[in-house]
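Novice: Provided herewith is a single structure, encoded as structure tokens, for subsequent inquiry.
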Amino acid sequence: MSTTEMPPFLDAALPVPVEETGWLADLRQAGLDIYKRKGLPTPKVEAWKYTNLGGLAKTEFKPAALDVTVAADKLPLAAALSLDALALVFVNGRFDPAVSDLGALPKGLRVESLSKVLQAEPALVEPLLGKLATREDLPLAALNTGLLTDGLFVRLAKGVTLDKALHVVSVASGGSSAAAFHPRNLIVLEEGAKATIVESHVGLPDFPTFENSVTEVTLGEGAELKHYRLLNGPDTSYHVGVTLADVAAKARYESFALAIGGALTRNEVRVVLSGEGAHGVVNGSYAVHGGQHVDNTVLVDHAVPRATSSQLFKGVLDGTGKAVFQGKVLVRRDAQETDAQQLHKALLLSRGAEVDTKPELEIYADDVKCSHGATVGEMDAEQLFYLMARGIDEETALALLVEAFVEDVVHEISDEVVREAFIRKVRDWQTGREKAVWSE
Amino acid sequence: MALLAIKDLRARVEEKEILKGLSLTINPGEVHAIMGPNGAGKSTLSSVITGKPGYEITEGSVLFEGKDLAELAANERACEGIFLAFQYPVEIPGVNYTTFLKTAINAKRKYFGEEEIDAMEFLKLMKSKIKLLKIADDMMKRPVNVGFSGGEKKRADVLQMAMLDPKLMILDEMDSGLDIDALRIAADGVNTLRSPDKAILCITHYQRLLDYVVPDFVHVLAGGRIVKSGGKELALELEEKGYTEFENAAA
């Protein structure tokens, strides 16, 4: 890139809806500076070797207009998870109170739009915002920081347990042109607080959309967050999201992401286990067909001794679908007695599909237990014949086996209600797939 | 009409001819045993009848109730009433046993244009068969064959047989991997399913299974053909003398 050329997404005047205080202006500028220096990542950057954003850069995205709303009956809720939960709806990263259903919030829980907090109580978020995400090696997160306006703010007070899940539905809608938006979410669980937060990322297939989200999670000592994401946008959607979690002593961060929709999805999760006895689970599952592209990139950073972590990803690929798994475990010098596991398994249903797997262990301590594994396989012919020998036709047999393969990791979701919702989603996808794909 | 009529069957797998002109007729109610040395083509025969991919009929015919099996896919053959009890039942992680059974029953119903089985009716049927075959309930809650012992796997196959109510039951080396008690339990299960309108084709290397599932006819398969047929006493004779005579004959 020449030095005079501006990287994409900065070329239009950007709406700044909140009055900027000094620190926020500085933070935005720091983000913009990084992004301008680094630009949109290309495959020449190691972390983006297998995911090419070239196609994205060619589309002329405009900043999503602030006034795009979607009528309640036009929301693509069928694509979202079906959950009995406190629901927040964001359209193009803007909180839409008209279609949200929060009811009376439990005591100790604050759930608001970030823009409101920035306006009313900026001091509340100042020490947290950008703490994890403003980094040279995350240029898109830096872009998000540079343009941050709205998103989700959750704060759960010390010792409070949330009975019901919090469900965040993020709807992408171009409105009248291809639109880019950059939601910024901040989740804080104080000491011993416990919550389940679920995100459904969906959209309307009217115009191409690009969601570049950043979620910063801070867990106090002994806190527990179950953080699940469904990535199910239409074929016109691009989603690049990074979730950064800081997990204190004895706290537990459990994440799961199911990617089944969208043209291109990158689900990046970085977990820092910063206190002894911290536990991180980063799981995921994906299913791609047609020309879909899914990238799961994980970094678990064992910064202190006696923390534990596991990663399990399973995916199914059909058509000319492409998947990327980059999983890294970093065990720092002092992180003795670390226990870290990682496994990625992909099932290829067609010859045109492609999987790129890069597992990495970077270990500087000497007393650790780490394992990693990766397999790429085809459908097991013996299993298929066994089912067919019982009268089950080939399509149904394949569906059973694919579902079993994907569901295996879905079963690891420890919140039972959410687990069931994800299983239903896998089965919906499977039913749709039988109609759409196997008739090709 | 014969239930199964195999005539001058020649079949190959991966370009190698294994069956070289095999003929066999099985009528309803009969129990046939196919015995023979390793490599004679016993498992190939069961694979060809059940339609396992990779096994190709080059000459001759296999008719099931007059229908040409070469024109039916494996699942269609199963729906028509052919059941293979596998030598090594396959483990299928993630597929719940009950879901699997119900899917299989509904597949057969759909094949004949019938309604899906009602959930209560299915449970009743399953419970009655579980009781009949003395199977532990908790097996049904597990993934198909995962973590089952050798004996449990065979019993689970027999349960599927009971649920699907086939006309021809093919037992492929049922005694593989079973101790004598497990073998007796599995064989007892098969015997409870015997009836005048069903036939059994028992494929085995050893005679011991035939003490429990007693055949009407015993055939010796060697070199891809049936080289000798007789009554149940032939099995005892083979046990005593071995297959050397036939191996030489076939060569």
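Novice: Given R₀ = 25 Å, what would the calculated FRET efficiency be for B:Arg208 paired with B:Ala136, taking r from the Cβ atoms and rounding to 0.05? Don't jump to the answer; show the numbers that get you there.
Specialist: Details: r = 25 Å, r/R0 = 1.00.
So the FRET efficiency works out to roughly 0.50.
Novice: On a 32 Å Cα-Cα criterion, which of the cross-link pairs A:Lys226/B:Lys110; A:Lys44/A:Lys250; B:Lys7/B:Lys232; A:Lys164/A:Lys314; A:Lys107/A:Lys345 come out too long? Let's see the in-between values first.
Specialist: Working: A:Lys226/B:Lys110 42 Å; A:Lys44/A:Lys250 39 Å; B:Lys7/B:Lys232 23 Å; A:Lys164/A:Lys314 28 Å; A:Lys107/A:Lys345 42 Å.
Distance filter (> 32 Å) returns A:Lys226/B:Lys110; A:Lys44/A:Lys250; A:Lys107/A:Lys345.
Novice: With n ≥ 4 as the cut-off for DSSP H runs, can you work out [θ] at 222 nm for chain B, using -39500 (n - 2.57) per run divided by the number of residues, rounded to the nearest 500? If you can, show how the numbers build up before the last one.
Specialist: Numbers: 8 runs with 89 residues, N = 251.
Calculated mean residue ellipticity at 222 nm is -11000 deg cm²/dmol.
Novice: Between rounded, prolate and oblate, where does segment A:22-379 land on the alpha carbon gyration tensor, with a ≥ b ≥ c its root eigenvalues, rounded for a/c under 1.5, else prolate if a/b exceeds b/c? Intermediate values should be presented prior to the final figure.
Specialist: Working: a/c = 1.40, a/b = 1.06, b/c = 1.33.
Verdict is rounded for segment A:22-379.
Novice: Got a sec? Which residues of segment B:46-77 lose 50 Å² or more of accessible surface with every protein chain in place, vs. that chain alone, 1.4 Å probe?
Specialist: B:Lys52, B:Asn75
Novice: Let me ask something additional. Taking the solvent-accessible surface of protein heavy atoms with a 1.4 Å probe, what is the per residue accessible area of the protein assembly as shown in Å²?
Specialist: Details: 28500 Å² over 691 residues.
The answer is 41 Å² per residue.
Novice: Taking 35 Å as R0, compute the FRET efficiency from the Cβ-Cβ separation of A:Ser82 and A:Tyr364 and round it to 0.05.
Specialist: Numbers: r = 45 Å, r/R0 = 1.29.
For R0 = 35 Å, the calculated efficiency reads 0.20.
Novice: Quick check on chain B: of the DSSP beta bridges with both residues there, what percent are antiparallel, nearest 5%? Write down the numbers at each step before the final one.
Specialist: Details: 25 of 43 bridges.
Bridges in chain B are about 60 percent antiparallel.
Novice: Using only atoms on other chains, find how many Cβ atoms lie within 10 Å of each Cβ of peptide B:101-114 and report the average. Don't skip to the answer; put the middle values down first.
Specialist: Numbers: counts 1, 0, 9, 8, 3, 3, 8, 3, 1, 4, 2, 0, 0, 0.
Rounded to a whole number, the mean comes out at 3.
Novice: Within chain A, which complete DSSP H helices have Cα atoms spanning at least 15 Å along the helix axis and a mean Kyte-Doolittle hydropathy of 0.0 or higher? Don't skip to the end; give the middle numbers.
Specialist: On the way: long enough: A:22-38 (24 Å, -0.64); A:394-410 (24 Å, 1.07); A:416-436 (30 Å, -1.04).
Passing helices, by number: A:394-410.
Novice: Largest first, please: the extent of the C-alpha atoms of chain B along each principal axis, to the nearest Å.
Specialist: Principal extents (largest minus smallest coordinate, Cα): 56, 40, 34 Å.
Novice: Just to be sure I understand: if you take the accessible area of chain B alone plus chain A alone and subtract the pair, with a 1.4 Å probe, what total do you get in Å², rounded to 100?
Specialist: Working: alone 12220 and 18140 Å², together 28500 Å².
Rounded to the nearest hundred, the buried surface is 1900 Å².
Novice: What longest range of chain A stays clear of loop-exposed trypsin sites (Lys or Arg not before Pro) (DSSP non-H/G/I/E/B, at most 12 other C-beta within 10 angstrom)? Walk me through the numbers on the way to the answer.
Specialist: Values: sites that count: A:Lys44, A:Lys107, A:Arg333, A:Arg351.
That would be A:108-332.
Novice: Which whole-angstrom value gives the distance between the alpha carbon centres of segment A:197-250 and segment A:368-384?
Specialist: Here the answer is 27 Å between Cα centres.
Novice: Along the charge dipole of segment B:4-250, Cβ charges K/R +1 and D/E -1, which of B:Cys79, B:Leu171, B:Ser229 sits furthest on the positive end?
Specialist: My answer, from the dipole projection, is B:Cys79.
Novice: Evaluate peptide B:88-94: per residue, the Cβ atoms of other protein chains within 10 Å of its Cβ; return the mean as an integer.
Specialist: Working: counts 2, 1, 9, 4, 10, 5, 13.
Mean partner shielding for this stretch: 6.
Novice: Magnitude of the Cβ-charge dipole of chain B, K/R +1 and D/E -1, about the Cα centre, nearest 20 debye? Show your work: numbers first, answer last.
Specialist: Values: 32 positive and 38 negative charges, 86 e Å.
Its charge dipole is roughly 420 debye.
Novice: Which percent of the accessible heavy-atom area of the protein assembly as shown goes to carbon and sulfur, probe 1.4 angstrom? Intermediate values should be presented prior to the final figure.
Specialist: Working: 14130 of 28500 Å².
For the protein assembly as shown, the apolar C and S fraction of the accessible surface comes to 50 percent.
Novice: Just the number, please: percent antiparallel of the DSSP beta bridges in chain A, rounded to the nearest 5.
Specialist: Values: 8 of 143 bridges.
Rounded to the nearest five, the antiparallel share is 5 percent.
Novice: To the nearest 20 debye, what is the magnitude of the charge dipole of segment B:144-251 about its Cα centre, counting +1 on the Cβ of each Lys and Arg and -1 on the Cβ of each Asp and Glu?
Specialist: The dipole of segment B:144-251 has a size of about 300 debye.
Novice: So, one more: How compact is the protein assembly as shown by the rule of thumb for globular proteins, expressed as Cα Rg over 2.2 N^0.38 Å?
Specialist: Working: Rg = 30.9 Å, N = 691, 2.2 N^0.38 = 26.4 Å.
Normalised by 2.2 N^0.38 Å, the Cα Rg of the protein assembly as shown equals 1.17.
Novice: Below 13 angstrom from the Cβ of B:Leu234, what's the summed charge of the other residues (Lys, Arg +1; Asp, Glu -1)?
Specialist: Working: positive: B:Lys228, B:Lys232, B:Lys241; negative: B:Asp216, B:Glu233, B:Glu237, B:Glu239, B:Glu240, B:Glu245.
It works out to a net charge of -3.
Novice: Restricting everything to alpha-carbon atoms, can you work out Rg to Rh for segment A:262-341 with a Kirkwood hydrodynamic radius? Please list the in-between numbers first.
Specialist: Values: Rg = 14.9 Å, Rh = 13.4 Å.
Expressed as Rg/Rh, it is 1.11.
Novice: Name the residue farthest towards the positive end of the dipole of segment A:71-202 from the options A:Pro139, A:Ala165, A:Gly192, assuming +1 on Cβ of Lys and Arg, -1 on Cβ of Asp and Glu, about the Cα centre.
Specialist: Final value for the positive-end residue is A:Gly192.
Novice: Here is a further query. Of A:Leu343, A:Val316, A:Leu129, whose Cα points farthest to the positive end of the dipole of segment A:22-379 (charges on the beta-carbon: +1 Lys, Arg; -1 Asp, Glu; origin at the Cα centre)?
Specialist: Of the options given, the answer is A:Val316.
Novice: Right, another one. Roughly what would the spin-label model give for A:Ala104 and A:Asp73, points 7 Å off Cα along C-beta, in nm?
Specialist: Going by the 7 Å Cα→Cβ label model, 3.2 nm.
Novice: Can you tell me the dipole magnitude for the protein assembly as shown around its Cα centre, using point charges on the Cβ only (Lys, Arg +1; Asp, Glu -1), in Debye to the nearest 20? Each step should come with its number before you reach the end.
Specialist: On the way: 75 positive and 99 negative charges, 44 e Å.
Its charge dipole is roughly 220 debye.
The values are calculated or read from the model by the stated rules, or taken from the named source; none is laboratory data. Since the structure is predicted, the reported quantities are computational estimates derived from the model, not experimental observations. Backbone-built Cβ (ideal geometry, glycine too); neighbour counts: all protein chains shown. Surface areas here come from the heavy atoms of the whole protein model, side chains and all, with no ligands, DNA or RNA. Shrake-Rupley method; radii C 1.70, N 1.55, O 1.52, S 1.80 Å.
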